[in-house]
Ligand code: BGC
């Protein structure tokens with residue numbers, strides 16, 4: 001196997017800057033706070049940090065609407081604060097990647113302000129403008145955030161295209177000036193020393209050139225899933241250009257990310273998902289695994305069944321750290337943070353959720369039903385402040401400060417909460433945080449889990465998901481067996497080899513060697529990771 005790059009062996013941890021750590025006590029996370037938590041992150045055992053956007057933004061889409069690609073939003077600090085954070089991360093051996101929002105800018109970005117100022121402005125063609133068809137919209141495309149994807153600009157009488165909010169006009173990537181300007185911004189951060197980028201909304205960068213109507217009978221919600229309005233060939237070429245700029249002119253590789261999304265942890269589903277995702281990867285591409293981020297329900301809530309929530313969250317981590325690919329964790333999941341449903345529409349910050357609420361009310365839905373609906377769909381549910389301690393505001397901000405989103409009260413010890421805080425779990429060997437640390441350490445000590453081939457075993461089982469990660473360079477192959485049911489099971493895993501030596505087990509004693517694999521027992525929701533012995 002070829003020598004792996006750092007981003008192939010690393011475990012990434014996503015920081016949502018607004019909610020991670022409030023260093024100046026104003027209720028909003030910032031770089032001073034992030035720098036103060038670097039030792040925590042190092043100790044947790046992750047290798048690289050991905051920051052959601054930290055750039056100046058009017059916050060229509062919580063930072064994914066940028067007005068200055070080479071700046072730092074004042075509420076997060078200064079460029080010097082950023083540098084101190086970056087240097088601190090590097091001193092600890094942690095890499096840092098940024099979020100590259102390229103599909104669109106803020107409508108308040110100077111480029112768009114110029115572009116909309118007149119039809120013949122030199123930046124007119126930096127965005128996607130259209131005079132409209134038959135006196136109406138240019139086509140039947142919808143915004144991913146709801147409503148038509150075109151907004152009429154009364155001053156110049158043309159429509160501009162926005163895949164997301166109307167405050168996020170799409171850039172025209174077919175214009176070489178756009179590419180050059182954006183590449184300059186990319187270089188700015190690379191020159192400062194950042195290690196790479198997460199590419200935001202990458203599938204939507206290029207619109208189909210002829211802006212044709214989509215002819216699908218599917219609903220708007222289904223359309224969100226299907227990238228019917230994008231040009232995949234142009235997108236792939238774009239990825240190759242970006243890849244070369246970031247890593248090296250020589251490196252020929254597609255920066256393919258394949259996300260794993262599921263609401264069900266069943267062996268059949270995972271096997272099938274793995275098969276499809278790995279088969280779809282072009283040669284030389286590398287998968288990336290994530291189960292939660294700032295857009296989705298938190299993993300703790302996603303897999304919860306009301307009875308075994310904690311065990312299911314642990315299984316999801318075991319899965320993501322042992323399957324082939326680069327794992328991405330989301331801040332707060334290491335302490336088992338759950339979704340928090342807001343109960344007052346005035347507290348909401350996520351625009352699509354507010355829109356959903358308003359639309360439901362306009363349709364005559366009772367206010368409490370509309371609120372519940374919006375709360376369940378709102379991305380605010382997974383963006384609440386990090387819970388550092390059993391203290392006012394969960395230690396995120398000082399007592400008495402109103403945080404930008406409310407703190408989830410689960411931080412308090414039972415019975416008031418679930419004890420979901422860093423300080424509350426740090427010293428407890430049985431806590432979720434200790435489990436994360438242990439599993440991250442194990443992954444580091446077992447190279448087969450990072451680099452080995454993937455071979456499912458006992459594929460007939462509908463209760464156990466088991467697979468081998470092949471050994472290499474003198475490292476033993478690893479057997480991973482996960483019992484995804486609440487009952488104890490015994491499985492014949494001898495297909496993997498005659499015996500294994502336990503490296504990590506939820507119920508058996510640690511490091512029990514020479515376990516017979518013909519009748520292998522796993523406790524309810526048991527996790528087993530073992531080194532195969534000859
Ligand atoms: C981001 C979202 C954002 C959208 C538009 C997605 O990839 O993860 O948070 O709303 O792009 O920028």
Could you work out how far the C-alpha centroid of segment 441-497 sits from that of segment 354-370, in angstrom? 47
Between 0 and 90°, nearest 10: helix 79-91 axis offset from the chain longest Cα axis: 20
Can you give the FRET efficiency to the nearest 0.05 for residue 368 and residue 534, using r as the Cβ-Cβ distance and R₀ = 51 Å? 0.20
Once R0 is set to 45 Å, what does the formula 1/(1 + (r/R0)^6) return for the Cβ-Cβ distance between residue 119 and residue 42, expressed as a FRET efficiency to the nearest 0.05? 0.25
Those residues of segment 85-117 whose amide nitrogen sits under 12 Å from the label point placed on residue 6, 7 Å along Cα→Cβ: 87, 89-97
Pairwise label distance in nanometres, residue 309 with residue 191, each label 7 Å out on the Cα-Cβ vector: 4.9
How do 291-302, 70-81 rank on mean C-beta neighbours within 10 Å, highest first? 291-302, 70-81
Please give the contour-minus-distance gain from residue 183 to residue 215: 0.36 nm per residue of separation, less the Cα-Cα distance, rounded to one decimal in nm. 8.0 nm
FRET efficiency, 1/(1 + (r/R0)^6) with R0 45 Å, evaluated for residue 152 and residue 462 via beta carbons: 0.25
As a test, work out the antiparallel percent of DSSP beta bridges whose residues both lie in the chain, rounded to the nearest 5. 65
At q = 0.21 Å⁻¹, what is the log10 ratio I(q)/I(0) for segment 285-407, with the Debye formula run over Cα points and no solvent? -1.16
Segment 44-117 and segment 383-419: distance between their alpha carbon centers, rounded to Å: 25
Percent of alpha carbon pairs in the chain separated by more than 39 Å? 29
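Please arrange 478, 288 by counting, for each residue, the other beta carbons lying within 10 Å of its beta carbon, fewest first.
By the 10 Å Cβ count, ascending: 288, 478.
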Translational diffusion of segment 372-480, µm² s⁻¹ [Kirkwood Rh, Cα pairs; Stokes-Einstein; 4 °C; 1.567 mPa s]: 75
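Read-outs: derived from the displayed coordinates by stated rules, not from any lab. Please read all numbers here as calculations on a predicted model, not as lab measurements. All Cβ positions, even for glycine, are placed from backbone atoms using ideal geometry, and neighbour counts span all protein chains on display.
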